[in-house]
Amino acid sequence: MRWDWLPDSVSSLEQGLLITLMVLVVSVVVGFLLAIPLALAQVRGGLLSYALSKGFCTYIRCTPLLMQLFLLYYGVGSLFPLKVLVKTTLPDCADSGAARTTANASPAIVR
């Protein structure tokens, strides 16, 4: 196996690692900030806020993340000029928030 290409690619690999870590941190933080109001709407909100929150979480959780990326990148991204990093991070934030909401909003909590 040849490894002579590795020294030439170290800077590209470092840049890719930094972008990946940035997307990870942004997705987790924004997803958590999104999960708090969604969980509160499911637990303490009225019927409309419960239905909207539950519908959002169900839609996001039941749709593959790759399909959400394609929809935002090619669909909405062609209508509104967004940066590539924003187009690729938003679906991950929504998926992260919906996952945390589903895990945290337990029906055992008394209304």
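The values are calculated or read from the model by the stated rules, or taken from the named source; none is laboratory data. Small disclaimer: the values here were computed from a predicted structure and weren't measured. Reconstructed Cβ throughout: ideal geometry from the backbone, glycine too, with neighbour counts over all protein chains shown.
(1) within 16 Å of Thr89 (Cβ to Cβ); (2) under 13 Å from the mean Cα position of the chain (by Cα); (3) in contact (Cβ under 8 Å) with a residue 40 or more places away in the chain: which one isn't true of Ile19, the others all being true?
Among (1) within 16 Å of Thr89 (Cβ to Cβ); (2) under 13 Å from the mean Cα position of the chain (by Cα); (3) in contact (Cβ under 8 Å) with a residue 40 or more places away in the chain, Ile19 violates only (2).
Yes or no: region 61-84 includes at least one residue that is in contact (Cβ under 8 Å) with a residue 60 or more places away in the chain, surrounded by 10 or more Cβ atoms within 10 Å (Cβ to Cβ) and out of contact with any strand residue (DSSP E or B) (no Cβ under 6 Å at 6 or more places or on another chain).
No, there is no match, as no residue in region 61-84 is in contact (Cβ under 8 Å) with a residue 60 or more places away in the chain, surrounded by 10 or more Cβ atoms within 10 Å (Cβ to Cβ) and out of contact with any strand residue (DSSP E or B) (no Cβ under 6 Å at 6 or more places or on another chain).
Can Leu38 be described as touching a residue at least 12 places away in the same chain (Cβ under 8 Å), under 27 Å from Gln15 (Cα atoms) and surrounded by 12 or more Cβ atoms within 10 Å (Cβ to Cβ)?
It is false that Leu38 is touching a residue at least 12 places away in the same chain (Cβ under 8 Å), under 27 Å from Gln15 (Cα atoms) and surrounded by 12 or more Cβ atoms within 10 Å (Cβ to Cβ).
Would you kindly identify the helices (runs of 4 or more DSSP H) lying entirely within region 3-111 that contain at least 2 residues that are modelled with pLDDT under 85?
In region 3-111, 84-104 are the helices (runs of 4 or more DSSP H) which contain 2 or more residues that are modelled with pLDDT under 85.
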